[in-house]
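Participant: Pasting a structure here, questions to come.
The values are calculated or read from the model by the stated rules, or taken from the named source; none is laboratory data. This one's a predicted model, so the numbers in the text were calculated from it and none came from an experiment. When we count neighbours, we look across all protein chains shown, and the Cβ atoms used for this are built from the backbone with ideal geometry, even at glycine. With ligands, DNA and RNA removed, areas are computed over all heavy atoms of the protein, side chains included. Shrake-Rupley method; radii C 1.70, N 1.55, O 1.52, S 1.80 Å.
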Amino acid sequence: MTAIHLENLVKRFGAFTALKTMDLEIRDGEFMALLGPSGCGKSTTMNMIAGMEQPSEGRITFDGRDMNGVAMGRRGVGFVFQNYAIFTHMNVYDNLAYGLKVRGTPASEIDRRVKAMADFLQLTPMLDKPSAKLSVNILQRLAIGRSAIVEPAIFLLDEPLSNVDAAFRAVMRTELKHLQRQFRQTMVYVTHDQLEAMTMADRIAVMDHGVLQQVGTPLEVYNDPVNLFVADFIGSPGMNLLKGVLADSDRGLVADLGALGITAPIDPALSATARKHGIREVVYGFRPERVVLAGAGQGIAMPVTFIERIGARTVVHFGDGEQRVKAVFDNDVAVQTGETVHVAVEPGFARLFDAATGVAIREV
Amino acid sequence: MSMLATEEKISVTGDLSTTGTRIEDGGRRLGLMLTLPAQLLVLFIAVFPLLMQLYISLTDWSPLDGIGWWQAYELWNNFANYTDLAVDSRFWDALGRTALVMLICVPAEFLLGLGLAILFMDNFAGKRVFYSIMLIPMMVVPAVAGYMFFMLFQSGGPVNDIISTLIGRPFALAWLSSPGTALIAVMIADIWQWTPLMFLILLAGLVGVPEDQMRAATLLGASWSQRFRTIVMPKMKTIIIIALSIRVIENFKIFDTLYIMTGGGPGVATETISVYIYKVTQQDLIWGYVAAIALVILIALSILVSLAISRMNAAKEA
Ligand SMILES: Nc1ncnc2c1ncn2[C@@H]1O[C@H](COP(=O)(O)OP(=O)(O)O)[C@@H](O)[C@H]1O
Ligand SMILES: [Mg+2]
């Protein structure tokens, strides 16, 4: 139960800058996900919060206390490593008990708490087993239990589910959220899997190439990505992004989508911003989930190139040279490959980005 | 992920072995036949000298007797070598001295080596150079080391010079010719020469301690000494036992450097088992007796080592 504040955090490894001026406020008791592709600096950020790495610039505060120079053992941080770092020479019980033992907790209390934790994580039958031979799923729970048992104020998890199988991952997503609700710690969760971030986190910090792109609730980053990277990275499939040029018309400002031969009207509020900044080249974006079939003569007419069924959802790929569009329907949809279909974007769900900078054009 | 891969591999080999049982039965017999000559040869090489030693040790045979060793049974002496040995105080003194040297040198080498290895886990300026320097003593030929320490410990030698400077008055102890100090000088030489080996083995062990587990322990609040006791030591158990076993066996046989420094003297002040055996063999030429000594020591050492190995296996299972 501690607020974490990263202020102008920079991390360099020699000449390589792994993290560029990161500013992030993680609230007390919040479940924050650090989301980004591999190598974007998520682990580096976590390691600095834990004190395993020292920032090159900037500082980290816990509830306003500067953590610079505070040893990692004294930060009150629980850390679940990507590879779990289980003590392989100990059995499950001793792994769970470790944090309490080194604190000099009385043996009777250690026993009580280890058994309670084992019960909570369904590790009771394994308590006497040597930990070197456990399956990944069990190691993963053990790693969480070993950190959680000392009730750290801050809980950091570095891709804890990346090694476990899909079915177990779904179970653990629920369990982790449950665990956090129960202990009310501030939780920072690193993942490259947006599904994990979207389902568990209170807020998501999206990162790319060592730069923090956007911080917001799952719905905020999903609905209103601040730039093309977030628009494309969040959602599966990502946002449809069509190149266009802004032009005046009798309907006000419109985006001329070129080859598609149509013009999309632009929201007056966004038009004002675009006009103010003199933006002409834009990217017109909309979520595949917000595509609807339109009547003939309406919307964008495009041939269906491919139909993909993912569980109950149907992903329809439309293509026309450079400009490609994907649409996601909750159920089966009456289109066929090769057929030309008219599609439209639900009103209010189109987004506009400056093609030159990739930044979203917002109301001012 | 690696764990998943191993599980897969295991199941694959499992399949193969079930279909291949028939081939395997024949294969095992063929394998035995093919390796039998080599196995017999190894057995012969390893066991023959021992059997010969056992045989000689039961006789009064000596190379000066003018009969071949195979005829030694003519000199059968009803276990006299062993009964003599039981009451040979020079032997028991030498054994005690050897044990004393071992009990001081091996722990000293272990602690110094461990301390140095821990220092070398951190980065410091000139680490590579120090590392090379550290290993030099181990590479010095023992005979050369013997002469070196012989010079160092002369009454007018550098060791006394340094002590004189430190205490501010002349100091001229004849280290190697005083019964009280000769053994100390010998042990210092042994520690100097063999600490690097300990260092090298223990450093390999320390490097092998998984860093993430150390970090996990730190994050759980373990202090340096707690981490050392609960993570480093258990992980290094096997390698420590190996290092100690090597040094215990080697140190028990301490001879070359020592012999050049003191010749086992003054008197018998530095006479260890090896020196005693050497003297009995070379000077007294009672080979049957020597064979008995050697056999007793071999058995004693074997028991020591197998104890160490069983400890090691226990450690591995835990
Ligand atoms: N100790 C290090 N030395 C040099 N480069 C590093 C080190 N740790 C991480 N990096 C680099 O920093 C970048 C970010 O790494 P990391 O934070 O581990 O990414 P991820 O987001 O996948 O966790 C990567 O390009 C990585 O190669
Ligand atoms: Mg990482």
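Participant: If only one of A:71, A:15, A:3, A:33 is small (Gly, Ala, Ser) and within 16 Å of ligand 2 (Cβ to nearest atom), which one is it?
Facilitator: Values: A:71 fails: within 16 Å of ligand 2 (Cβ to nearest atom); A:15 fails: within 16 Å of ligand 2 (Cβ to nearest atom); A:3 fails: within 16 Å of ligand 2 (Cβ to nearest atom).
Checking each option against the conditions leaves just A:33.
Participant: Still on this structure, please answer the following. Looking at region A:85-105, can you tell me whether even one residue there is among the aliphatic types (A, V, I, L, M), within 11 Å of chain B (Cβ to nearest Cβ) and within 16 Å of ligand 2 (Cβ to nearest atom)?
Facilitator: In the first step, residues of region A:85-105 are kept if they are among the aliphatic types (A, V, I, L, M); the result is A:85-86, A:90, A:92, A:96-97, A:100, A:102.
Imposing the further condition that a residue be within 11 Å of chain B (Cβ to nearest Cβ) reduces the set to A:85-86, A:90, A:96-97, A:100, A:102.
Now narrow it down to the ones that are within 16 Å of ligand 2 (Cβ to nearest atom): A:85.
Yes; the residues of region A:85-105 include at least one that is among the aliphatic types (A, V, I, L, M), within 11 Å of chain B (Cβ to nearest Cβ) and within 16 Å of ligand 2 (Cβ to nearest atom).
Participant: Looking only at region A:24-34, count every residue that is in a strand (DSSP E or B) and more than 14 Å from ligand 1 (Cβ to nearest atom) and tell me the total. Let's see the steps before the verdict.
Facilitator: Filtering region A:24-34 down to residues in a strand (DSSP E or B) leaves A:24-26, A:31-34.
Then drop every residue that is not more than 14 Å from ligand 1 (Cβ to nearest atom), which leaves A:24-26, A:31-32.
Here the count works out to 5.
The rows are residues; the columns are (1) part of a helix (DSSP H, G or I); (2) in contact (Cβ under 8 Å) with a residue 40 or more places away in the chain; (3) of a type in the set (A, V, I, L, M, F, W, C); (4) within 19 Å of residue A:23 (Cβ to Cβ).
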residue	(1), (2), (3), (4)
A:195	yes, yes, yes, no
A:199	yes, no, no, no
A:221	yes, no, yes, yes
A:229	yes, yes, yes, yes
A:232	yes, no, no, no
A:235	no, yes, no, no
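Participant: It is to be established whether one or more residues within region B:199-211 are away from every other protein chain (no Cβ under 14 Å) and of a type in the set (Phe, Trp, Tyr). Walk me through it before giving the result.
Facilitator: Our first condition is that a residue be away from every other protein chain (no Cβ under 14 Å); within region B:199-211, this holds for B:199-204, B:206-207.
Now restrict to residues that are of a type in the set (Phe, Trp, Tyr): B:199.
Checked region B:199-211: at least one residue is away from every other protein chain (no Cβ under 14 Å) and of a type in the set (Phe, Trp, Tyr).
Participant: Give region A:63-74 a look and list any residue that's in contact with a strand residue (DSSP E or B) (Cβ under 6 Å, 6 or more places away or on another chain) and either in a strand (DSSP E or B) or more than 14 Å from chain B (Cβ to nearest Cβ) (or both), or say none.
Facilitator: Initial filter on region A:63-74 (in contact with a strand residue (DSSP E or B) (Cβ under 6 Å, 6 or more places away or on another chain)): A:66-68.
Within region A:63-74, A:66, A:68 meet the criteria.
Participant: Can you find, within region A:175-203, the residue that is surrounded by the fewest Cβ atoms within 10 Å (Cβ to Cβ) among those that are β-branched (Val, Ile, Thr) and away from ligand 1 (no atom under 14 Å from the Cβ)?
Facilitator: A:199
Participant: Any residue in region A:156-163 that is more than 16 Å from ligand 1 (Cβ to nearest atom) and either open to solvent by 10 Å² or more (accessible area, probe 1.4 Å) or at the interface with chain B (Cβ under 10 Å from one of its Cβ atoms) (or both)? Steps first, answer last, please.
Facilitator: Taking region A:156-163 as the starting set, the residues that turn out to be more than 16 Å from ligand 1 (Cβ to nearest atom) are none.
Checked region A:156-163: no residue is more than 16 Å from ligand 1 (Cβ to nearest atom) and either open to solvent by 10 Å² or more (accessible area, probe 1.4 Å) or at the interface with chain B (Cβ under 10 Å from one of its Cβ atoms) (or both).
Participant: Residues in region A:9-23: is at least one touching a residue at least 40 places away in the same chain (Cβ under 8 Å), at negative phi and more than 15 Å from ligand 1 (Cβ to nearest atom)?
Facilitator: yes
Participant: Quick one: is residue A:151 within 14 Å of chain B (Cβ to nearest Cβ) and within 16 Å of ligand 2 (Cβ to nearest atom)?
Facilitator: Details: within 14 Å of chain B (Cβ to nearest Cβ): yes; within 16 Å of ligand 2 (Cβ to nearest atom): no.
The answer is no for residue A:151.
Participant: How do the pairs read when you match residues in region B:63-74 that are in a loop (DSSP other than H, G, I, E, B) with residues anywhere that are open to solvent by 80 Å² or more (accessible area, probe 1.4 Å), using Cβ under 7 Å and keeping only pairs 6 or more apart or on different chains?
Facilitator: B:67/B:74
Participant: Also, quick follow-up: Residues in region B:69-88 that are open to solvent by less than 80 Å² (accessible area, probe 1.4 Å) and out of contact with any helix residue (DSSP H, G or I) (no Cβ under 8 Å at 6 or more places or on another chain): how many?
Facilitator: Total meeting the criteria: 4.
Participant: Same structure again: Determine which single condition residue A:47 fails, assuming it passes every other condition in (1) away from chain B (no Cβ under 14 Å); (2) surrounded by 17 or more Cβ atoms within 10 Å (Cβ to Cβ).
Facilitator: Every condition holds for residue A:47 apart from (1).
Okay, residues lined up against (1) part of a helix (DSSP H, G or I); (2) closer than 19 Å to residue B:179 by Cβ; (3) β-branched (Val, Ile, Thr); (4) within 13 Å of chain A (Cβ to nearest Cβ):
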| site | (1), (2), (3), (4) |
| --- | --- |
| B:221 | no, no, no, yes |
| B:240 | yes, no, yes, no |
| B:264 | no, yes, no, no |
| B:267 | no, yes, no, no |
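Participant: Here's another thing I want to ask about it. Over 20 Å from the mean Cα position of the chain (by Cα) and within 30 Å of residue B:119 (Cβ to Cβ): which single residue out of B:308, B:314, B:222, B:243 fits that description?
Facilitator: Values: B:308 fails: over 20 Å from the mean Cα position of the chain (by Cα); B:314 fails: within 30 Å of residue B:119 (Cβ to Cβ); B:243 fails: over 20 Å from the mean Cα position of the chain (by Cα).
Within the list B:308, B:314, B:222, B:243, the selection yields B:222.
Participant: Right, another one. Counting only residues that are at positive phi and either within 16 Å of ligand 2 (Cβ to nearest atom) or among the aromatic types (Phe, Trp, Tyr) (or both), how many does region A:38-68 have? First the steps, then the outcome.
Facilitator: Just the residues of region A:38-68 that are at positive phi, to begin with: A:39, A:41, A:51, A:58, A:63-64.
Subsequent filtering for residues that are either within 16 Å of ligand 2 (Cβ to nearest atom) or among the aromatic types (Phe, Trp, Tyr) (or both) retains A:39, A:41.
So the answer is 2.
Participant: Here's a follow-up. Read through the list (1) surrounded by fewer than 16 Cβ atoms within 10 Å (Cβ to Cβ); (2) away from ligand 1 (no atom under 16 Å from the Cβ), then give the number of the only condition that residue A:246 fails.
Facilitator: Checking residue A:246 against (1) surrounded by fewer than 16 Cβ atoms within 10 Å (Cβ to Cβ); (2) away from ligand 1 (no atom under 16 Å from the Cβ), the one that fails is (1).
Participant: When residue A:37 is evaluated against the numbered criteria (1) within 14 Å of chain B (Cβ to nearest Cβ); (2) within 12 Å of ligand 1 (Cβ to nearest atom), which criterion, by number, is the only one it fails?
Facilitator: (1)
Participant: Here are some residues: A:57, A:109, A:53. Which one is of a type in the set (Asp, Glu) and more than 16 Å from ligand 1 (Cβ to nearest atom)? Quick ask: steps written out before the conclusion?
Facilitator: Working: A:57 fails: more than 16 Å from ligand 1 (Cβ to nearest atom); A:53 fails: more than 16 Å from ligand 1 (Cβ to nearest atom).
Testing whether each residue is of a type in the set (Asp, Glu) and more than 16 Å from ligand 1 (Cβ to nearest atom) leaves just A:109.
Participant: Within region A:121-137, which residues are farther than 17 Å from residue A:110 by Cβ, without any contact (Cβ under 8 Å) to a residue 24 or more places away in the chain and part of a helix (DSSP H, G or I)?
Facilitator: A:125, A:133
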